[in-house]
1. Given the residues 67, 126, 43, 55, which is the only one that is over 39 Å from the mean Cα position of the chain (by Cα), at pLDDT 90 or above and loosely packed, with under 11 Cβ neighbours inside 10 Å?
2. So, in the range 165-180, how many residues would count as being surrounded by fewer than 12 Cβ atoms within 10 Å (Cβ to Cβ) and free of Cβ contacts under 8 Å to residues at least 60 places away in the same chain?
3. From the list 35, 104, which residue is touching a residue at least 40 places away in the same chain (Cβ under 8 Å) and in a helix (DSSP H, G or I)?
4. Looking only at residues that are within 28 Å of residue 98 (Cβ to Cβ) and not in a strand (DSSP E or B) in the range 164-180, which one is modelled with the lowest pLDDT?
5. The conditions are (1) over 50 Å from the mean Cα position of the chain (by Cα); (2) exposed (fewer than 11 other Cβ atoms within 10 Å of the Cβ), and residue 106 fails exactly one of them. Which is it?
6. Within the set of pairs 6 or more residues apart or between chains, which connect a residue that is on the phi > 0 side of the Ramachandran plot inside the range 141-164 to a residue that is assigned to a strand (DSSP E or B) and modelled with pLDDT of 85 or more with Cβ atoms less than 9 Å apart?
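The values are calculated or read from the model by the stated rules, or taken from the named source; none is laboratory data. Values in this document were obtained by computation on a predicted structure and should not be read as measured data. As a convention, Cβ positions derive from the backbone with ideal geometry for all residues, glycine included, and neighbour counts pool all protein chains shown.
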């Protein structure tokens, strides 16, 4: 469709041209450039702050790794010390019985008797020795039976007459079952 304006020139509407002053354009350009510079400055400042934070965080991580290594070493040392302590306690608990047992055997040995060996064979204690008579062997067995905390089931394996330095003596072997 074609439009034709039949009005006279004077009555026709005049188009107005908007004239923007150069100072306005320059002012807008300065404001835009200033805003861009301000934004750039804020970003640069934030970037510097973030870089500082990164360095600080890396230093903190390094310190924390050192602390972690110390804690790991402490844990290993603690575990090792606890294992050693348990071993020492187990040895100390196990040491009491042999000492009391040997002390009891030495007190059970009457005059006229002597031991040649004391050994532990498959959980039983075997005592070998010599006595001047059967009565000495019997007395020793009775004394050993009274040590009920440490031994039970005292048995005479054998007793035989032998000559020792030209004198008749009884060679004996007693077997004890250990308690606990």
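1. Details: 67 fails: over 39 Å from the mean Cα position of the chain (by Cα); 126 fails: loosely packed, with under 11 Cβ neighbours inside 10 Å; 55 fails: over 39 Å from the mean Cα position of the chain (by Cα).
Matching residue, one of 67, 126, 43, 55: 43.
2. Selection size over the range 165-180: 4.
3. Among 35, 104, only 104 is touching a residue at least 40 places away in the same chain (Cβ under 8 Å) and in a helix (DSSP H, G or I).
4. Taking the candidates together, the pick is 180.
5. Among (1) over 50 Å from the mean Cα position of the chain (by Cα); (2) exposed (fewer than 11 other Cβ atoms within 10 Å of the Cβ), the lone unmet condition for residue 106 is (1).
6. These pairs meet every condition: 153/124; 153/175; 153/176; 153/177.
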